[in-house]
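Visitor: My questions all concern the structure below.
The values are calculated or read from the model by the stated rules, or taken from the named source; none is laboratory data. This one's a predicted model, so the numbers in the text were calculated from it and none came from an experiment. Here the Cβ is made from the backbone with ideal geometry for all residues, glycine too, and neighbour counts use every protein chain on show. Just the protein is used for accessible areas: all its heavy atoms, side chains included, with ligands, DNA and RNA removed. Shrake-Rupley method; radii C 1.70, N 1.55, O 1.52, S 1.80 Å.
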Amino acid sequence: MDTAPANDRPDDQRQLDRSAYAEVQASAEFGELRGAHRSFAFPLTIAFVSWYLLYVLLSNYAGGFMGTKVVGHINVALVFGLAQFLTTFLIAWWYSRHAAAKLDPRAQAIKSRLEERA
């Protein structure tokens with residue numbers, strides 16, 4: 001396999017690289033990979049941003065509710081704020097599992113076929 005940087009390769013080799021990548025990008029397999037990523041990432045992103053905006057809006061406009069004591073000096077605002085951290089880590093963990101199970105094997109198969117052509 002040629003390890004020279006792309007700028008050191010002849011123009012015809014760079015053109016072959018571009019056409020190989022364009023061919024992979026146009027393939028149904030790559031479309032399925034992209035769809036699997038989007039169907040997971042987009043809904044979770046929307047859900048998390050909505051959850052975050054709810055927290056911000058409640059903090060600004062529902063001070064009485066957010067100031068409600070839950071236990072001792074711990075109020076609803078603190079619980080919601082800590083829940084933001086928890087959901088961030090849970091989403092990252094969940095995405096990691098999803099990627100390892102569904103995305104990485106597909107991406108590796110595409111990468112292997114592309115490297116065989118080189």
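Visitor: Considering only protein heavy atoms, what per residue accessible area in square angstrom results for the chain with a 1.4 angstrom probe?
Guide: Heavy-atom SASA per residue in the chain reads 74 Å².
Visitor: Let me ask another. I want to check the label-to-label distance for Phe65 and Ala47. Put each point 7 Å from Cα in the C-beta direction and report it in nm to one decimal.
Guide: 2.1 nm
Visitor: Apply the Karplus parameterisation 6.51 cos²θ - 1.76 cosθ + 1.60, with θ equal to phi minus 60°, to every residue of segment 102-109 and state each ³J(HN,Hα) to the nearest whole Hz, in sequence, with x for glycine and proline.
Guide: After applying 6.51 cos²θ - 1.76 cosθ + 1.60, I find 10, 8, 4, x, 5, 5, 5, 5 Hz.
Visitor: Helix 76-98 versus the longest principal axis of the chain: what angle, 0 to 90°, nearest 10, using Cα atoms?
Guide: For 76-98 against the chain, the angle is about 20 degrees.
Visitor: Project the alpha carbons of the chain onto their principal axes and report the range along each, largest first, in whole Å.
Guide: 70, 29, 22
Visitor: With the full set of protein chains in place, find how many percent of the accessible area of the chain is carbon and sulfur; take the probe as 1.4 Å.
Guide: Reported share for carbon and sulfur atoms: 64 percent.
Visitor: Evaluated at 25 °C with a viscosity of 0.890 mPa s, what Stokes-Einstein diffusion coefficient in µm²/s does segment 72-118 have when Rh comes from the Kirkwood expression over alpha-carbon pairs?
Guide: Translational diffusion coefficient: 181 µm²/s.
Visitor: Here is a further query. What is the set of long-range amide H partners of Asn75 at a cut-off below 5 Å, with H atoms built 1.01 Å from backbone N?
Guide: For Asn75, the qualifying residues are Val70.
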